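The values are calculated or read from the model by the stated rules, or taken from the named source; none is laboratory data. Values in this document were obtained by computation on a predicted structure and should not be read as measured data. When we count neighbours, we look across all protein chains shown, and the Cβ atoms used for this are built from the backbone with ideal geometry, even at glycine.
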Amino acid sequence: MLSKTVAELATALANKDVSSVELTQAYLDRIAQLNPALNAYVTITSELALAQAAAADTARAAGQATPLTGIPIAHKDIFCTRDVLTTCGSRMLANFTSPYDACVVERLQAAGAVMLGKTNMDEFAMGSSNETSHFGPVHNPWDQARVPGGSSGGSAAAVAADLCAMATGTDTGGSIRQPASFCGITGLKPTYGRVSRWGMIAFASSLDQAGPLTKSAEDAALMMNAIAGADARDSTCLDIPAEDFTAQLNQPLTGLRIGLPREHFSGGLSAQVQEILQLAISKLESLGATFRDIELPNNHLSVPAYYVIAPAEASANLSRFDGARFGYRCENPVNLEDMYKRSRGEGFGDEVKRRIMVGTYALSAGYYDAYYKKAQKIRRLIKEDFDTAFRDVDLILGPTSPHTAFKLGEKNSDPVTMYLEDIYTIAVNLAGLPGMSLPAGMLGGLPIGMQLVGPALSESRLLNVAHQFQLHTDWHTQRPEV
Amino acid sequence: MTWETVIGLEVHVQLATKSKLFSGSSTHFGAAPNTQASLYDLAMPGTLPVMNEEVLRMAVSFGLAVDAEIGKRSVFDRKNYFYPDLPKGYQISQLDLPTVGRGTLKIQMDDGSEKVIGITRAHIEEDAGKSLHEDFQGMSGIDLNRAGTPLLEIVSDPDLRSAKEAVAYLKKLHSIILYLGISDGNMAQGSMRCDANVSIRKKGDTEFGTRTEIKNVNSFRFVEKAINYEVQRQTEILEDGGRIVQETRLYDSDKDETRSMRSKEVANDYRYFPEPDLLPVIIDDAFIEAVRATLPELPDARCQRFIKQYGLSEYDADVLTSSRDMAEYFEAVVALCGDAKLSANWVSADLLGLLNKQDLSINESPVSPESLGTLISRIKDNTISGKIAKTVFEALSEGETDVDAIIDARGLKQVTDTGAIEKLVDDVIAANPDQVAQYRGGKEAVFGFFVGQAMKLSKGKANPAQLNELLRKKLGA
Amino acid sequence: MALDNTDVEKIAHLARLQISDSDTLEVAQRITNILEMIDQMQDVDTSNVAPMAHPFDASQRLRPDVVTETDQRDYYQKIAPATQDGLYLVPKVIE
């Protein structure tokens, strides 16, 4: 039962095969059993979950069920949850119970989803392995010596290990797609502005976007129906009419033109991953898609540009954590300066401090043009590469990550090595485009994902292709033995 | 050595919106601490700004009032620094693309001369909260009610050449802001705050000297005193062969001096960059024209109209249009009594004298425009004389309100009955035979004596014209 | 661009981060490595490219000037490190 998709669980709930309370309790039991080893959750909200489940059962009995009513969900701990700990993976917020709910949390609750708890993550979403969390790393359910990816590693591991039916994540440079790839699940980063950022603790405001981590593309579409849409509280949230993301799932792929970026199939990509992707390409061809090579000539500049823009925005976004109004304050500050410096010095981990300093440096007098402004210009070049490509193709396909999940500690020696993990995903954030990762094969007992990228607002098309692929493959149904 | 003073002013005006610049909190002054601080104002994680439309409208209306270029595309930036009254650790402001660009302001000096002062720009930004330094066991208390209140920072060119010009500029700015109704302009409450950049240079030099910035001077009088002090200080330093240090100084009104704020000098690097939580503000012509259509008549235009329509002198028109409230008071008086010149005299002399003495603003005037209008009407319809009117005005200034009741109760009504006046004249002639002889002997000057005596006898109530006429007739006989 | 200890101290001060003396050198080295990676950007001629701050060319939405917030002080201050009489307390601010 717990390995079922949201769509399957919705049917089971509708047929009264199971109640939401029973389902929720079953997930809570499994969490109690497995979370100590996986460390996917940092907070488990059992009582609240059972109360919400009971309410969902009542709503269903009253004929007021949506497709998500009674479905247990896990929220990445970057989303504010009223009166529930919201830590963002940081010591800074280890004691922070948010006074309000994020828009995404509100909307999923309104749709009837049941919150099981909050998932572990890289501190302030800064990381690609979940190892920067103040609460310790998450272990990949496929191999507990390996990382689940990051920064939404807890959410990805929880979905993969059947510790929830679905989860929320956020993606600033690959933080939904890369852990989805490492954990063998489906993850969608929507177009920038699709989903409100209200209540989502900001890392890099012009890049951050919330999205679903699920067991299938169909589930991702169901979650998108609940979370996407205009929100007057976020000025950058697109003011466009609601869309039914399930409507196009069953469109045939005939005539679909998919581009293969040369830059993604050379260099660091292993031959085995290439082979797996080639099989996926053949499958899609058999479903009617055609492929051609394209170029994204500035892709190699996406990591450098990102590591200016994201830290610069973060350096300001994280200034509010100053020990004055909420969160961590150091013991016995001797003066104001001391309160600031020690609260922040002790409250933030090394990677967060490093990025704040890189961002501060890039914005400081004399360096702004050479770093920040330059990065913004490169950002335009990268976006124009995609604009050009999408004149000839409908979608772009490539690897999500250069390889399968790596070992805990393997890439910790140098930050730059870790940063290059996101070489295929970061450009998508800089251009504000929708991208998703879905399981495409297995390598040495570990899942490997492929990435689909589309033009702005093409989520329905991405989900359509992913769903059609999943109808004809079973990679997404494979589960780790935990 | 002759020195020339160079002053540029940065004026922060709190815009009189109901809600804050980027949140739905009230901007009402004087609430209990932190009761008007929302999640956004407290910089809670995950909160985001959404811009208040009224702020844009007010900024554009100011821009139009000073003939400024309106930024069709304005962009907000983050100005980064740590301070407890700045909860986000950055202030949202506008650096390169402000909403209001270059404009001009015409100032009038006391000697009647005029000067045009350049306005560099006016940008929208958030106000900070307040730090209270009373002793909380050695701690400071932070109140964030004011945090996020919209400000318009108006920056002048360094065109001002004396403290007096600076004050004239400030007064004009104050007047325009009140005319537009975009701020209450209350300097004591901090709704209008002024920073002055002051430097001096040798007369004839084209390069500017090193300037100092005097922060937060909160009255017109203090602006003048602070600048004069600073000019004197700089002059003494330069004449002693010293150098001016570029720094921020604070004016201490108790000691009437400026002093260095060294604590703020620690290498500020504000690391401005475009605010990613907000999009560029795009203003189209339709928006600008809609704002233009709502602009009230501004001081300069009103002054010209007063000269033309009411035949006032330029001086009187200037005084009467110096504030919107004053101009409206005057026009209300004229509407009632129909005599612009008489109204101008009463408002600019008697009323302003009273207000100055009692340190009141025009809208705190104890004499309402209705009362003053009625009073002037009573002069015109000969119910009372101009001299008696002063007595009535005094009663009004002490809180009475009904002009006719005052006249009746104190029996101030002018005597116009010919018989009664004739009797007065007869009595005065009879009582002063010597003077009568002098007058009839050709000493015209004695006439005034008779007028005075008759008035005294009538307790000031005799109609002067009738009295004069009868006196001349009887004395001539 | 190689950073030295002085640079790190200056940046750490701007960002109000305490970095212990023993960590400064390592921090300097790691940030230097990051900056070297970033410096790949400098090889590209971008003189005719306009900077891009947002993914899309959209304009700011405006909200009506209406007070929508109510007093939640007691609730919001429950999570504050130190308050008194409704004020947030911090070490003395020296002007």
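Here are the numbers for this structure:
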| item | result |
| --- | --- |
| Residue in segment B:196-206 that is away from chain C (no Cβ under 14 Å), at pLDDT 95 or above and surrounded by fewer than 16 Cβ atoms within 10 Å (Cβ to Cβ) present | no |
| Flag if A:Gly89 is on the phi > 0 side of the Ramachandran plot and touching an Asp or Glu at 6+ places or on another chain (Cβ under 9 Å) | yes |
| Failed item in (1) under 20 Å from C:Gln77 (Cα atoms); (2) facing another protein chain (nearest Cβ under 7 Å); (3) among the aromatic types (Phe, Trp, Tyr), with A:Tyr328 passing the rest | (2) |
| Hey, C:Thr24 among the β-branched types (Val, Ile, Thr), more than 7 Å from every other protein chain (Cβ to nearest Cβ) and touching a residue at least 24 places away in the same chain (Cβ under 8 Å) or not | no |
| Search result, residues across segment B:398-422 that are outside any loop (DSSP other than H, G, I, E, B), crowded, with 19+ Cβ neighbours inside 10 Å and out of contact with any strand residue (DSSP E or B) (no Cβ under 6 Å at 6 or more places or on another chain) | B:Val403, B:Ile406, B:Ile407 |
| Single residue of segment A:24-45 satisfying the filter (surrounded by 15 or more Cβ atoms within 10 Å (Cβ to Cβ) and without any contact (Cβ under 8 Å) to a residue 60 or more places away in the chain) that is nearest to A:Ala180 (Cα to Cα) | A:Ala26 |
| Every residue from segment A:88-114 that is of a type in the set (A, V, I, L, M, F, W, C) and buried (at least 24 other Cβ atoms within 10 Å of the Cβ) | A:Cys88, A:Met92, A:Leu93, A:Ala102, A:Cys103, A:Val104, A:Val105, A:Leu108, A:Ala113, A:Val114 |
| Test: residue in segment B:59-77 that is within 12 Å of chain A (Cβ to nearest Cβ) and under 30 Å from C:Thr70 (Cβ atoms) | yes |
| Unmet criterion (only one of (1) surrounded by 17 or more Cβ atoms within 10 Å (Cβ to Cβ); (2) in a loop (DSSP other than H, G, I, E, B)) for A:Glu263 | (2) |
| Condition check for B:Met109: surrounded by fewer than 17 Cβ atoms within 10 Å (Cβ to Cβ) and under 30 Å from the mean Cα position of the chain (by Cα) | yes |
| Members of segment C:49-82 found to be more than 9 Å from chain A (Cβ to nearest Cβ) and either under 25 Å from the mean Cα position of the chain (by Cα) or not aliphatic (A, V, I, L, M) (or both), listed by number | C:Asp57, C:Ser59, C:Pro64, C:Asp65, C:Thr68, C:Glu69, C:Thr70, C:Asp71, C:Arg73, C:Asp74 |
| The one condition in (1) surrounded by 15 or more Cβ atoms within 10 Å (Cβ to Cβ); (2) out of contact with any strand residue (DSSP E or B) (no Cβ under 9 Å at 6 or more places or on another chain) that B:Pro276 fails to fulfil | (2) |
| Hey, A:Ala271 touching a Cys at 6+ places or on another chain (Cβ under 7 Å) and surrounded by fewer than 23 Cβ atoms within 10 Å (Cβ to Cβ) or not | no |
| Residue ID - farthest from the other protein chains (Cβ to nearest Cβ), chosen from residues in segment A:434-461 that are in contact with a helix residue (DSSP H, G or I) (Cβ under 6 Å, 6 or more places away or on another chain) and not in a strand (DSSP E or B) | A:Gly454 |
| Residues being farther than 28 Å from B:Val55 by Cβ and within 14 Å of chain C (Cβ to nearest Cβ) - total across segment B:109-140 | 8 |
| In segment A:331-366, the residues that are at the interface with another protein chain (Cβ under 7 Å from one of its Cβ atoms), over 16 Å from C:Pro91 (Cβ atoms) and assigned to a helix (DSSP H, G or I) | A:Lys353, A:Arg354, A:Ile356, A:Met357, A:Val358, A:Thr360, A:Tyr361, A:Leu363 |
| Selection count where residues are buried (at least 24 other Cβ atoms within 10 Å of the Cβ) and outside any loop (DSSP other than H, G, I, E, B), scope segment A:50-87 | 8 |
| Pairs where the first residue, in segment A:206-228, is hydrophobic (A, V, I, L, M, F, W, C) and the second is modelled with pLDDT under 95 and surrounded by 24 or more Cβ atoms within 10 Å (Cβ to Cβ), C-beta under 6 Å, 6+ apart | none |
| Conditions (1) modelled with pLDDT under 95; (2) closer than 30 Å to B:Tyr169 by Cα; number of the one not met by B:Gly338 | (2) |
| Wholly within segment B:283-394, helices (runs of 4 or more DSSP H) carrying at least 2 residues that are touching a residue at least 60 places away in the same chain (Cβ under 8 Å) and closer than 30 Å to B:Ile70 by Cα | B:285-294, B:299-310, B:324-337 |
| Set A:Gly255, A:Gly229, A:Gly259: member being away from every other protein chain (no Cβ under 14 Å) and under 20 Å from the mean Cα position of the chain (by Cα) | A:Gly229 |
| Lone unmet requirement of (1) in contact with a helix residue (DSSP H, G or I) (Cβ under 9 Å, 6 or more places away or on another chain); (2) modelled with pLDDT under 95 for B:Leu64 | (2) |
| Test: residue in segment C:50-73 that is surrounded by 12 or more Cβ atoms within 10 Å (Cβ to Cβ) and assigned to a helix (DSSP H, G or I) | yes |
| Lone qualifier among A:Thr97, A:Thr87 - being out of contact with any His (no Cβ under 8 Å at 6 or more places or on another chain), assigned by TED's automatic domain parsing to the domain that holds A:Gly150 and polar (S, T, N, Q) | A:Thr97 |
| Test for A:Asn35: is it assigned by TED's automatic domain parsing to the domain that holds A:Asp234 and on the phi > 0 side of the Ramachandran plot | no |
| Residue count for segment B:18-60, restricted to those that are among the hydroxyl-bearing types (Ser, Thr, Tyr), buried (at least 22 other Cβ atoms within 10 Å of the Cβ) and within 30 Å of the chain's Cα centre (by Cα) | 3 |
